[in-house]
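The values are calculated or read from the model by the stated rules, or taken from the named source; none is laboratory data. All values reported here derive from a predicted model rather than from experimental measurement. Because the Cβ atoms are built from the backbone with ideal geometry, glycine has one as well, and the counts that use them run over all protein chains shown.
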Amino acid sequence: MTNAADNQNPLSPPLYPIRTVCSATGVNPVTLRAWERRYGLIKPIRTEKGHRLYTQADIDRINETVNLLDKGIPIGRVRQVIDDRDKARAASPAPDDHWVRYMNDMVNAISVFDEQRLDRLYSEALSLYPVDTVTRHLVIPLLRTLGVRWETKQGSVAEEHFFGVFLRNKLGARLHHLRAPHNGAKLLAACLPGEYHEVGLLLFALAAKAYGYQIIMLGANMPLEDLPLAAKRSQCDGIVLSGSRAYDYKRISKELRHMTEAARVPVFIGGSYSITARDLITAAGALPLGEDMAQALRHIDAGLKKRVTQDH
């Protein structure tokens, strides 16, 4: 059994309690324990008192299990399907090597602030793979790598800002030119107050548009008190907020509760903040989405349908 004390290194992955994982994935505790004991699908870390703690990799595996179940795969076969896929990837390392090469080349370009080279590498990856694949295998891991470089003094905040501006321009242009649906539900999308990193919100907006939603982007550092009027004037069906850092929890809790009451539409919150502040978010009347994009869209879909049912 792994002890949670072994994971106190500041660079180790964060660990989440079972209630947080249930909120992020939509799977209840009884089911999670059954998947662990009966099917060996996940292996959470245990504290000295026996409490389960989960990594982001565990959350990803749970979401993958939900996706397979949605496709009609019986729970008894899910582990075999996932194991077979992992073995196939291990036997064919070339694609992973390909992403590693892109990662290293882009980090080198970022480290010397070479925008032309960075643009060439990013455009090349997009010419070979769908944007969702590039985002999953390259963009998100690259953002994490730059964060680690800064924490370990190998890189700097300037690198993160440089890549953030580059990516924001690229994603913003793509979002602008992506054909928008005319009859899908309308979502107001913004970053929480004090959140200046828009990349996660832009990635969500692209995925949501592809899913069929209409998106109204309000961008970074959005005051919560302005959202109810914006929601009313835009006639939106829901509000989606994004956050990735620690905020003034007491202030956010009060402002968020007032905003959800005044908005009169469902309020959803995604990003890592929706995991660390899950109890605060639910107490304020909002719905936490977690970090998995596909799972977040399913939660939004269910939340909007529930609201329609209640209204009727």
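Scan the helices (runs of 4 or more DSSP H) fully inside the range 93-195 and keep the ones with 2 or more residues being over 30 Å from Lys305 (Cβ atoms) and among the aromatic types (Phe, Trp, Tyr). Steps first, answer last, please.
Numbers: elements: 94-111, 115-128, 131-134, 140-151, 157-177.
Here the list reads 94-111, 157-177.
State all residues of the range 212-236 that are surrounded by fewer than 18 Cβ atoms within 10 Å (Cβ to Cβ) and in a helix (DSSP H, G or I); if no residue qualifies, say none.
Across the range 212-236, the qualifying residues are Glu225, Asp226, Leu229, Ala230, Lys232, Arg233, Ser234.
Please determine, by comparing only the residues of the range 284-312 that are touching a Ser or Thr at 6+ places or on another chain (Cβ under 7 Å) and small (Gly, Ala, Ser), which one is modelled with the lowest pLDDT. Reasoning before the result, please.
Step one: filter the range 284-312 for residues touching a Ser or Thr at 6+ places or on another chain (Cβ under 7 Å), giving 284-286, 288-291, 295.
If we keep only those that are small (Gly, Ala, Ser) too, we end up with 284-286, 290.
Values: Ala284: 89, Gly285: 91, Ala286: 92, Gly290: 82.
For the range 284-312, the residue satisfying everything is Gly290.
Out of the range 258-309, which residues are within 20 Å of Arg19 (Cα to Cα) and polar (S, T, N, Q)?
Selection gives Ser272, Ser274, Thr276, Thr282, Gln295.
Conditions (1) touching a residue at least 12 places away in the same chain (Cβ under 8 Å); (2) assigned by TED's automatic domain parsing to the domain that holds Ile18; (3) among the charged types (D, E, K, R), marked per residue:
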position	(1), (2), (3)
Tyr211	yes, no, no
Leu218	yes, no, no
Glu225	yes, no, yes
Arg233	no, no, yes
Leu241	yes, no, no
Ile252	yes, no, no
Gly271	yes, no, no
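Tally the residues that are within 24 Å of Lys254 (Cβ to Cβ) and either without any contact (Cβ under 8 Å) to a residue 24 or more places away in the chain or in contact with a strand residue (DSSP E or B) (Cβ under 8 Å, 6 or more places away or on another chain) (or both), restricting the search to the range 188-209.
To start, the set of residues in the range 188-209 that are within 24 Å of Lys254 (Cβ to Cβ) comprises 188-197, 201.
Filter once more, so that each one left must be either without any contact (Cβ under 8 Å) to a residue 24 or more places away in the chain or in contact with a strand residue (DSSP E or B) (Cβ under 8 Å, 6 or more places away or on another chain) (or both): 188-192, 195, 197, 201.
The qualifying residues number 8.
Just give me the residues in the range 27-40 being under 22 Å from the mean Cα position of the chain (by Cα) and either surrounded by 15 or more Cβ atoms within 10 Å (Cβ to Cβ) or of a type in the set (Lys, Arg) (or both), in sequence order. Step through it out loud before you land on a result.
Residues of the range 27-40 that are under 22 Å from the mean Cα position of the chain (by Cα), as a first pass: 27-29, 32.
Residues satisfying the conditions are Val27, Leu32.
Name the residue that is nearest to the chain's Cα centre (by Cα), counting only residues in the range 49-72 that are closer than 14 Å to Ala24 by Cβ and among the aliphatic types (A, V, I, L, M).
By that ranking, first place goes to Ile59.
Could you list, in sequence order, all residues of the range 205-255 that are at pLDDT 90 or above and among the acidic types (Asp, Glu)?
Glu225, Asp226, Asp237 - these are the residues of the range 205-255 that are at pLDDT 90 or above and among the acidic types (Asp, Glu).
A quick yes/no check of all residues on (1) in contact (Cβ under 8 Å) with a residue 60 or more places away in the chain; (2) not in a helix (DSSP H, G or I):
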{"residue": "Ala24", "(1), (2)": "yes, no"}
{"residue": "Ala34", "(1), (2)": "no, no"}
{"residue": "Ile42", "(1), (2)": "no, yes"}
{"residue": "Glu48", "(1), (2)": "no, yes"}
{"residue": "Ile59", "(1), (2)": "yes, no"}
{"residue": "Thr65", "(1), (2)": "no, no"}
